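The structure under discussion appears below in the form of structure tokens.
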Amino acid sequence: MIHPPHGRLRPVGGVALLAIAGVVCDSLVGVATAGIDLWYASLVDRMIADTDSVSGVAIRTGELLVLGSEVARVFTFFVAAAGFLAWLFRVRTNAVSLSLNGHRHGRFWLVAGWMFPIGWFWVPRQIVDDIWRASTPPGSAKGLINAWWATWLIAWVTARTTWGLLNLFPFDLEGIAFALRLEVVGIGLMLIAAVLAIAVIRKITNAQEVLRSTPPPDPTPSRPPFLPGVPESGAAL
């Protein structure tokens, strides 16, 4: 890791707060969605036991709440993603100045890496890993990144599975109740991933802010003080 000239690094504290706020909002909507899913799953359980025990109004209300919570989750997810990507672009720009060994992926992949089939399983993680390596002291443990990425992948796969079960396959009532509870499991994993993501954001942000506020070393060697009676270096004797 090298120290660029003072002022060359861009501030990242503001975009880090934006990214964290987006992650928190998405997490809060996820908690609300989990509560709705559990309530509606219990409603479905009652319908399985006795169809007449649940009114049509309750069923329609539950369907609307589930649909509304899913729409809200999609909206807040894109808001959180926009904030995270803004932070990622900023810290990656700084990391390019800090890195001696370069980066494995260009700027294009900061967005495309999350959408490119198959590559989305490792490209974003490598991008963050390169930023971490450039921003933190040599040998810094990457357990936090590994934990965040593993949890995120498991949560992501669980969410895609739940979506497929609820929207692509005809399900009986038991299947609907199972899919709703599986979504709650996925939301729980996503909350853990959110906490770890915030920790990653804070770690990289703090490291770059410290480097940005550290004055660069003086390129000119210091001149030894002149002492009476002692000839200066290079002076004729």
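The values are calculated or read from the model by the stated rules, or taken from the named source; none is laboratory data. For clarity, every value in this text was computed on a predicted model and none was experimentally measured. Note that each Cβ is placed from the backbone with ideal geometry, even for glycine, and that neighbours are counted across all protein chains shown.
Which residue pairs have Cβ atoms closer than 9 Å, lie 6 or more positions apart in sequence or on different chains, and pair a first residue in the range 148-163 that is touching a residue at least 24 places away in the same chain (Cβ under 8 Å) with a second residue that is part of a helix (DSSP H, G or I) and among the acidic types (Asp, Glu)?
Trp149/Asp129; Thr158/Glu183; Ala159/Glu183; Thr162/Glu183
With the range 103-221 as the region, which helices (runs of 4 or more DSSP H) entirely inside it contain at least 3 residues that are surrounded by fewer than 16 Cβ atoms within 10 Å (Cβ to Cβ)?
Values: elements: 109-112, 123-135, 143-167, 173-213.
Answer list for the range 103-221: 143-167, 173-213.
Just need a number here: residues in the range 73-98 that are touching a helix residue (DSSP H, G or I) at 6+ places or on another chain (Cβ under 6 Å), surrounded by fewer than 20 Cβ atoms within 10 Å (Cβ to Cβ) and among the aliphatic types (A, V, I, L, M).
Residues in the range 73-98 being touching a helix residue (DSSP H, G or I) at 6+ places or on another chain (Cβ under 6 Å), surrounded by fewer than 20 Cβ atoms within 10 Å (Cβ to Cβ) and among the aliphatic types (A, V, I, L, M): 2 in total.
Taking Ser140 as meeting all but one of (1) within 30 Å of Val15 (Cβ to Cβ); (2) modelled with pLDDT of 85 or more; (3) not aromatic (Phe, Trp, Tyr), write down the number of the exception.
Result: Ser140 passes all but (2).
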